[in-house]
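Below you'll find the structure, written out as structure tokens, and then a few comments.
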Amino acid sequence: MAEETLALPDGAADIGPSERGVAPIKPQYLTTKEQFHKFLGTRRKSTKDQAVEEPDSDRAETGSSACCDSSEPGAKRLKLDDGKVEGLERQPSGVGEEEPQQKKKSRGQNKSRPHMKPTRYDDNRLCPSLVQESAEKCFFGERCRFLHDVDTYLASKPPDLGDKCVLFETFGKCIYGVTCRFARAHLGPQHQNLVKEELMKQWEGQRLTSNGLSKDLQHQLRKKKVQFDHSEEYLKQLSKSGRVGTGKAQTSIPTTGPEAPKGEQLEASIDFPGHMAQNSASDDAHESLESLESGLPLSETVSGIPEQGTTPQRNVVCSSGHLTDEDLIKLRPCEKKRLNIQNKLYLAPLTTCGNLPFRRICKRFGADVTCGEMAVCTNLLQGQSSEWALLKRHHTEDLFGVQLEGAFPDTMTKCAELLNRTVEGGGCALMNRSNKFEQIVRGMNQVLDVPLTVKIRTGVQEKVNLAHRLLPDLREWGVALATLHGRSREQRYTKGADWQYIQHCADVASPMPLFGNGDILSYEDANRALQTGVSGIMIARGALIKPWLFTEIKEQRHWDISSGERLDILRDFTNYGLEHWGSDTQGVEKTRKFLLEWLSFLCRYIPVGLLEHLPQKINERPPYYLGRDHLETLMASQNVDDWISISEMLLGPVPPAFTFLPKHKANSYR
């Protein structure tokens with residue numbers, strides 16, 4: 001396929017060699033900030049017949065991105081090896097002297113960003129009884145606040161976004177009926193919802209997702225009618241004696257002692273890779289590197305007969321023949337299923353962007369293990385639907401993890417028991433060195449029947465590594481596998497991951513498997529990581545920047561993926577989003593929101609064919625460049641308006657008064 005050649009603006013070839021910390025791009029593609037935005041602005045004018053916006057103009061005047069700053073913030077500063085701080089922003093000649101940087105690079109989250117719920121995009125909403133084609137009348141009758149006249153609803157409904165509905169084409173029926181934003185693909189002359197009988201039969205009885213919250217369970221949780229026998233048993237032991245049995249010997253668990261530091265958050269996670277459990281904690285968690293595993297007392301043997309001198313903890317019923325009694329008698333640690341994910345590629349848990357549609361994209365490109373977003377255990381115990389939605393797993397995710405976050409032994413233990421009972425498997429990891437931590441993990445482990453793995457950082461403070469001292473304890477406690485992110489909590493991303501330290505920790509942890517995590521963006525990075533002796537690698541930011549990284553690693557090649565292929569990936573993501581969140585206005589705008597969050601990372605990718613030498617490093621900032629075609633250039637933009645333009649290619653025009661600001665301040669370029 002012939003490539004479209006772009007004429008470079010005057011002066012583009014005059015840009016000097018690559019700066020330190022800036023990705024090296026071939027000189028013929030380099031340009032300046034002003035020329036870059038001018039090129040895209042001119043193209044917008046020719047394609048959309050609208051006025052050319054200035055490079056730093058605010059879309060607030062047109063009601064598009066009112067929340068964004070009007071000026072691009074200063075570039076990220078890196079701490080170099082010699083201790084100096086270097087600014088990475090390329091300034092045109094003469095500008096840097098007259099206009100010094102006004103402020104440091106933004107960090108953290110845009111917690112005060114404006115947010116408009118997708119449910120408010122529809123002024124008039126149709127009653128669910130009509131959408132779901134219920135045979136019965138609306139339960140609320142005249143008190144119902146929704147419309148019951150389809151013609152009135154259609155008169156105010158926003159125009160359709162396309163002629164094909166992904167739900168109708170995939171499953172044979174769109175459950176959103178007339179409210180679907182692609183409704184003309186499956187509506188009859190009388191607004192009836194058409195179906196494809198043969199296609200529907202192919203999906204009959206199949207479950208696309210699991211780990212959902214049933215109405216019955218939600219009702220029981222809200223009414224506090226769910227019984228937590230195993231958790232109550234453990235907590236009763238804890239409150240009475242502060243001791244928990246671990247075989248013939250008894251291990252003391254102090255019930256008093258220093259709590260976590262003020263403002264410190266305890267975190268734990270439970271993961272479910274298929275039929276067994278694997279544990280992992282968020283990269284952004286407040287980590288302090290401790291976890292342990294302990295089974296129920298060995299006094300409770302397989303036969304259900306307690307050892308001499310011990311007291312049975314609960315009534316058990318012996319089984320005989322080929323029947324199993326795992327539901328009645330807890331497994332000993334040595335009887336738990338072993339976790340074997342040696343040399344598998346693990347997609348790290350990612351807040352916001354690690355949603356189900358994104359994980360489907362990564363699975364398609366070769367990710368072996370996936371993990372959901374963090375769910376707060378107290379919200380799960382209250383039966384909150386939005387929190388349980390974070391546990392949902394697509395049927396293609398054969399090795400899948402769910403994160404739990406909490407701070408108290410009772411809630412964490414009960415949540416572990418609840419998921420162990422209603423979902424598949426479990427596990428735990430709590431990142432804080434405190435007595436409370438030990439109580440939580442022992443309690444969760446007592447109600448779980450599966451192997452335990454943990455994910456930790458190097459330490460809390462930047463120059464104080466703790467992981468190497470903890471890993472032998474983890475091995476002794478019976479942890480099946482550990483993952484080490486080669487950064488401290490304090491360090492964040494100001495420096496590269498310390499793989500030399502990870503190598504040292506892999507030796508210390510042996511024979512317990514250790515996975516490594518940090519700064520992997522190419523198959524060369526992955527190969528060097530595996531040479532450190534780790535059992536496998538976990539990939540986080542690299543998957544956000546280029547999800548086809550898993551394919552590159554498995555095929556040991558650089559993929560010079562075209563802009564058209566990248567757009568197809570985004571189109572698949574939107575289709576997966578419409579399947580998952582719905583094809584009505586609410587679902588479309590929710591899909592758009594998560595697409596825009598992902599685009600704030602995708603713009604960091606530099607096409608292989610444009611690089612002066614390979615591979616791209618994850619902490620190298622892309623300079624301004626013009627791609628080999630307009631779409632490639634558009635995808636390189638860090639302007640929120642251009643991300644919105646890409647979303648409009650896939651999901652149609654944004655609604656009136658639409659606003660967007662990335663969750664992470666570091667991605668809030670314009």
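Just one of the listed residues (Leu514, Leu470, Leu521) is over 30 Å from Pro607 (Cβ atoms) and under 24 Å from the mean Cα position of the chain (by Cα), namely Leu514.
For region 496-525, the tally of residues that are charged (D, E, K, R) and surrounded by fewer than 17 Cβ atoms within 10 Å (Cβ to Cβ) stands at 2. Checking the structure you have, find out if any residue of region 181-193 is surrounded by 13 or more Cβ atoms within 10 Å (Cβ to Cβ), charged (D, E, K, R) and in contact with a Leu (Cβ under 6 Å, 6 or more places away or on another chain). Yes: one or more hits. Candidates in region 580-616 are the residues that are over 30 Å from Cys174 (Cα atoms) and of a type in the set (A, V, I, L, M); of these, the one that is most open to solvent (accessible area, probe 1.4 Å) is Leu614. Leu484 falls short on exactly one of the conditions (1) at pLDDT below 85; (2) open to solvent by less than 10 Å² (accessible area, probe 1.4 Å); (3) not aromatic (Phe, Trp, Tyr), and that condition is (1).
For region 531-564, the set of residues classified as without any contact (Cβ under 8 Å) to a residue 60 or more places away in the chain, part of a helix (DSSP H, G or I) and either surrounded by fewer than 21 Cβ atoms within 10 Å (Cβ to Cβ) or touching a Ser or Thr at 6+ places or on another chain (Cβ under 6 Å) (or both) consists of Glu555 only. When Thr585, Thr574, Thr633, Thr591 are checked against the criterion of being more than 30 Å from His395 (Cα to Cα) and of a type in the set (Val, Ile, Thr), a single residue qualifies: Thr633.
Taken over region 617-647, residues that are touching a helix residue (DSSP H, G or I) at 6+ places or on another chain (Cβ under 9 Å) and open to solvent by 20 Å² or more (accessible area, probe 1.4 Å) amount to 8.
Is it true that some residue in region 646-666 is of a type in the set (Ser, Thr, Tyr), over 22 Å from Arg364 (Cα atoms) and modelled with pLDDT under 95?
Initially, region 646-666 is screened for residues of a type in the set (Ser, Thr, Tyr), giving 647, 659.
Checking the rest, the ones that are also over 22 Å from Arg364 (Cα atoms) come to 659.
Filter once more, so that each one left must be modelled with pLDDT under 95: 659.
Yes, some residue in region 646-666 is of a type in the set (Ser, Thr, Tyr), over 22 Å from Arg364 (Cα atoms) and modelled with pLDDT under 95.
Take the conditions (1) open to solvent by less than 50 Å² (accessible area, probe 1.4 Å); (2) assigned to a helix (DSSP H, G or I); Arg528 misses just one of them, which is (1).
Rundown of residues vs (1) without any contact (Cβ under 8 Å) to a residue 24 or more places away in the chain; (2) surrounded by 17 or more Cβ atoms within 10 Å (Cβ to Cβ); (3) under 32 Å from the mean Cα position of the chain (by Cα), yes/no style:
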{"site": "Asp122", "(1), (2), (3)": "no, yes, yes"}
{"site": "Val131", "(1), (2), (3)": "no, yes, yes"}
{"site": "Gly162", "(1), (2), (3)": "no, no, yes"}
{"site": "Glu169", "(1), (2), (3)": "yes, no, yes"}
{"site": "Tyr176", "(1), (2), (3)": "no, yes, yes"}
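Inspect all residues belonging to region 565-572 and state whether any of them is within 22 Å of Arg207 (Cα to Cα) and open to solvent by less than 20 Å² (accessible area, probe 1.4 Å). Talk me through it step by step, then tell me what you get.
Filtering region 565-572 for residues within 22 Å of Arg207 (Cα to Cα) gives 572.
The next check asks that each one be open to solvent by less than 20 Å² (accessible area, probe 1.4 Å); those that pass are none.
For region 565-572, residues within 22 Å of Arg207 (Cα to Cα) and open to solvent by less than 20 Å² (accessible area, probe 1.4 Å): absent.
If the condition is being outside any helix (DSSP H, G or I) and open to solvent by 100 Å² or more (accessible area, probe 1.4 Å), then region 207-231 contributes Arg207, Lys223, Lys224, Lys225, Gln227.
The values are calculated or read from the model by the stated rules, or taken from the named source; none is laboratory data. This one's a predicted model, so the numbers in the text were calculated from it and none came from an experiment. Positions of Cβ are generated from backbone atoms using ideal geometry, with glycine treated the same way; all protein chains shown enter the neighbour counts. When the accessible area is computed, the model is the full protein with side chains, heavy atoms only, and any ligands, DNA or RNA have been set aside. Shrake-Rupley method; radii C 1.70, N 1.55, O 1.52, S 1.80 Å.
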